[in-house]
Amino acid sequence: MALITTKELFKKAYEGGYAIGAFNINNMEIIQAITEAAAELRSPVILQVSAGARKYAKPAYLMALVEAAMKETGIDVVLHLDHGADFEICKACVDNGFTSVMIDGSHLSFEDNVALTKKVVEYAHAHGVVVEGELGRLAGVEDDVKVAESDAIFTDPAEAERFVELTGVDSLAIAIGTSHGAYKFKTQPKLRFDILEEIGRRLPGFPIVLHGASSVVPEYVDEINACGGKLDGALGVPEDMLRKAASMAVCKINIDSDIRLAMTAAIRRVLKNQPEVFDPRTYLGEAREEVKKMVAHKIKNVLGSEGKL
Ligand code: G3H
Ligand code: 13P
Ligand code: ZN
């Protein structure tokens, strides 16, 4: 088994009108849950690592766990850096065997974003690694920094076209109304499908990435609140909107918050219903099962990637 790039996966996803799930990994249980679900459903999958994950679990542990998961489940996976902040972290991941990196220059000016992204593309491509860029700015929580809804900037389709031409990126994350974290919309969820459509028209066949794409599964939010948690007004992207995006130019859908919610709901459930439990394997085992169930549901009913491996 091997780590693979997104090149062929995105081509097939674009042509087939489905998307590949990019799930954030932070520990063994999460890695096992995602890869087991993907293997059982014969689905391609992207495992992505944020700077926070590297800090929490240490790169060497994550790499060893991913290798073990591939060996155990018999599937190839993409190992991707999520929200690379600078050239150095992208280079470190390329050098450490990642097959895909994201350089997130979305907070920079267009010119500086192009220059930084181009530099990463040159280095990554020389090493057979693909690159995701970002244009536009999402609201929400990222690396513990909160971007207010008023500071979010939708992606300009004409700029997206120029950005791809100038940088040579392999995929592009865009802002059409999704946001990071569990509080995505104050009222009715709304995405700018007109922007996605126009980008698809200007960049035919080019893979688009949707960040902040958790559904914030209402059943988990309810269960967490019923078991002593406090998630008031948590709201995510409805599944039918994600399916629509996947049928358009979106080939990669990023999911982290739903993993956090699945684990938290399961752990709270066990600790509430079985107060005598103090073996971490009991509640972490149930958390792993819940993440696996959630990922399987996404693959089958939201991403449309079942059987596409
Ligand atoms: O986009 C952000 C991801 O949800 C990763 O979150 O930086 O807390 O690991 P994190
Ligand atoms: P969510 O917070 O919606 O899961 O988004 C995760 C993400 O975009 C990771 O890059
Ligand atoms: Zn993101």
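The values are calculated or read from the model by the stated rules, or taken from the named source; none is laboratory data. A quick note: this is a predicted structure, and the numbers were derived from the prediction, not measured. Positions of Cβ are backbone-derived with ideal geometry, glycine not excepted, and every protein chain shown enters the neighbour counts. Only protein heavy atoms, including side chains, enter the accessible area calculation; ligands, DNA and RNA are left aside. Shrake-Rupley method; radii C 1.70, N 1.55, O 1.52, S 1.80 Å.
For the range 46-53, 3J(HN,Hα) computed residue by residue from phi via the Karplus equation (6.51, -1.76, 1.60; θ = phi - 60°) reads 10, 9, 10, 10, 8, 4, x, 5 Hz, glycine and proline entered as x. Evaluated at q = 0.23, 0.24, 0.30 Å⁻¹, a Debye calculation over the C-alpha positions of the range 209-257 (equal weights, vacuum) places log10 I(q)/I(0) at -0.80, -0.84, -1.09. For Lys230, the lysines whose Cα falls under 22 Å of its own Cα, not counting residues fewer than eight places away in the same chain, are Lys146, Lys184, Lys186, Lys272. Share of pairwise Cα-Cα distances greater than 33 Å in the chain is 19 percent (whole percent).
Could you give the dipole magnitude of the chain about its Cα centre, charging the beta-carbon of Lys and Arg +1 and that of Asp and Glu -1, in debye to the nearest 20?
Values: 35 positive and 45 negative charges, 95 e Å.
Value, rounded to 20: 460 debye.
Against the chain, whose longest principal axis is taken from its Cα atoms, helix 110-126 shows a tilt of about 80°.
For n ≥ 4 DSSP H runs only, could you compute -39500 (n - 2.57) per run for the chain, divide by its residues and tell me the 222 nm figure to the nearest 500? Mind showing how you got there, number by number?
Numbers: 12 runs with 146 residues, N = 309.
One gets -14500 deg cm²/dmol as the mean residue ellipticity at 222 nm.
In the full protein context, the chain carries 44 Å² of accessible surface per residue, based on a 1.4 Å probe and ignoring ligands, DNA and RNA.
With the radius of gyration and the Kirkwood radius both derived from the Cα set of the range 127-177, what is their ratio Rg to Rh? Show your work: numbers first, answer last.
Working: Rg = 12.6 Å, Rh = 12.1 Å.
Radius of gyration over Kirkwood radius for the range 127-177 works out to 1.05.
With contacts taken as Cα pairs under 8 Å and at least 6 residues apart, the range 142-257 reaches a relative contact order of 31 percent.
Of the residues Ser109, Pro207, Ala126, the one whose Cα sits farthest towards the positive end of the charge dipole of the chain is Pro207 (charges of +1 on Lys and Arg Cβ, -1 on Asp and Glu Cβ, taken about the Cα centre).
Projected over all directions and averaged, the alpha-carbon convex hull of the range 9-137 occupies 8.2 nm².
Restricting things to Cα coordinates, could you compute the convex hull volume per residue of the range 232-309 in Å³?
Numbers: hull volume 8.7 nm³, N = 78.
So the per-residue Cα hull volume is 111 Å³.
Computing the accessible area with a 1.4 Å probe over protein heavy atoms, can you report the carbon and sulfur percentage for the chain? On the chain, the fraction of accessible area on carbon and sulfur atoms equals 53 percent. Only lysines eight or more places from Lys308 in sequence, or on another chain, were considered; those with a Cα closer than 23 Å are Lys7, Lys11, Lys12, Lys71, Lys244, Lys252, Lys292, Lys293, Lys298, Lys300. Between the Cα long axis of helix 257-273 and the first principal axis of the chain there is an angle of about 10°, rounded to the nearest 10. Over the range 179-275, the reciprocal of the mean inverse Cα-Cα separation, the Kirkwood hydrodynamic radius, stands at 14.7 Å.
Sorting the Cα pairs of the range 168-221 by distance into bins of 5 Å, from 0 upward, gives 4, 16, 25, 22, 14, 11, 6, 2, 0 percent per bin.
Relative to the longest principal axis of the Cα atoms of the chain, the long axis of helix 7-16 lies at roughly 80 degrees.
Residues whose amide H comes within less than 5 Å of that of Lys252, counting only those at least five positions distant or on another chain, are Ile20, Ile208, Leu210 (H built at 1.01 Å from N in the peptide plane). Of the three principal axes defined by the Cα atoms of the range 87-136, the extents in descending order read 30, 15, 14 Å.
Subtract the Cα-Cα distance of Lys230 and Ala158 from 0.36 nm times their separation in residues, and report this length gain in nm to one decimal. Don't jump to the answer; show the numbers that get you there.
On the way: separation 72, 0.36 × 72 = 25.92 nm, distance 4.20 nm.
Computed gain between Lys230 and Ala158 is 21.7 nm.
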